[in-house]
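First the structure, in the form of C-alpha cells, and then the observations on it.
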Amino acid sequence: MDRLNLRRDPVRLVLSKAVWASGWYLVSYLFIGSGLFAIALTAATVGAAISFTLAGLPVLVAAAVTIRWCADAERTRLELVDAAPVAGRYRPPLDGLLNGLRIRWSDPATWRDIAYLIGMYAPLFILDTLVLTIWLTFLAGITIPIWYWAPWQTIQGVRYHGYQLGYFPNGPHGPGGWGLYVDSLPRALLVGAVCLIGFLLFNYVLVATARAHAFVVRALLGEPTDPLKEAKEILSSPGPLSAAEAASHPAP
C-alpha cells in the first residue's frame, strides 16, 4: 500500500496523495460498493430461490459469473489506493452445465467473493460512513469564518444571524440554550482553528481506515496465501550447519 503511507508530519500528510486517495476510495465504496452489493445479493438470492428447478441450473451459473464480475470490479477499484494488482485464483470451468455449476459453486474463491461483497458490506459501509462524516465535518468547519454570518433565524420577531453549534431555542443570548453560537468573526476563527487541528489529526484515521478496507479486499478477494510459507521455506532451505558439514566432507 505504497500510496497510503502514514507520515509523522500532519502537514506533509495532508499535502500528500494518501489523504485524498483515501477519501475518494471510501466515498466511492458508498456508491460503487453499494451497487455491487445489490447486484451480488440479487444474483445469489435469485439463484438460490430457483436452484431446485431445472431452469435454475443455468441461473446459478450466471449468478456465479455475476458475483465474480462484481469482485473483479472491487479489485479494480482497489487500484485507487494500492498499485499492487490483486487477482483471485478461480478453478478453470469444465465443459457441460453440471460440471460448470459444480466447479463454480465448490470453488472457495466464489465464497470468498460472497463473503466480501455481501458479508462485509454492512460493517464496511458503517465504518466508512462514520469516518467520512467526521472527516468532512472537520473539513467544512475550517471554512466557517467565510460563511458564519449567512445562516439566520427569526425568534419572537428578532432576526439572528450566525451558525449554532448546539441548541438555542430563545436565540444566542436567551435562556435554555447550550453549545456555541457562532455570530462573530472571533468565534468563527476559533471554531475554524479547532476544526483545522481536528482535520489534520483525523487524516491519520482516514488513511488508516482506507488501509484497513484495502486489507480486507486483498485478504478476501486476493489469492490465498499459506501463513506458514515463510517458515516452510526456511526449513526446506539448507542452513549454516549443512554448509559446514558439506565443507568438512568434500565430495570424492
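The values are calculated or read from the model by the stated rules, or taken from the named source; none is laboratory data. Note that the structure is predicted; figures quoted are calculated from it, not measured. Note that each Cβ is placed from the backbone with ideal geometry, even for glycine, and that neighbours are counted across all protein chains shown.
Here are the numbers:
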quantity: Qualifying residue in the range 108-129 (condition: of a type in the set (A, V, I, L, M, F, W, C) and touching a strand residue (DSSP E or B) at 6+ places or on another chain (Cβ under 7 Å)); calculated: no
quantity: Extreme residue, surrounded by the fewest Cβ atoms within 10 Å (Cβ to Cβ), among residues of the range 137-146 that are farther than 12 Å from L200 by Cα and of a type in the set (A, V, I, L, M); calculated: I146
quantity: Among (1) surrounded by fewer than 13 Cβ atoms within 10 Å (Cβ to Cβ); (2) in contact with a Leu (Cβ under 7 Å, 6 or more places away or on another chain); (3) not aliphatic (A, V, I, L, M), the one test that Y25 misses; calculated: (1)
quantity: Residue, surrounded by the most Cβ atoms within 10 Å (Cβ to Cβ), within the range 78-94, restricted to residues that are in a loop (DSSP other than H, G, I, E, B) and modelled with pLDDT of 85 or more; calculated: V81
quantity: Test: residue in the range 231-249 that is out of contact with any strand residue (DSSP E or B) (no Cβ under 8 Å at 6 or more places or on another chain), modelled with pLDDT of 80 or more and in a helix (DSSP H, G or I); calculated: no
quantity: Boolean, L130 is under 23 Å from L30 (Cα atoms), under 18 Å from the mean Cα position of the chain (by Cα), surrounded by fewer than 16 Cβ atoms within 10 Å (Cβ to Cβ) and of a type in the set (A, V, I, L, M, F, W, C); calculated: yes
quantity: Positions within the range 151-177 being within 35 Å of the chain's Cα centre (by Cα) and of a type in the set (G, A, S), in sequence order; calculated: G166
quantity: Output for the range 96-120, where each listed residue is in a helix (DSSP H, G or I), over 21 Å from the mean Cα position of the chain (by Cα) and surrounded by fewer than 18 Cβ atoms within 10 Å (Cβ to Cβ); calculated: L97, L98, N99, R102, W105, P108
quantity: Looking only at the range 178-199, and only at residues there that are modelled with pLDDT of 90 or more and more than 15 Å from I146 (Cβ to Cβ), the one that is farthest from the chain's Cα centre (by Cα); calculated: V194
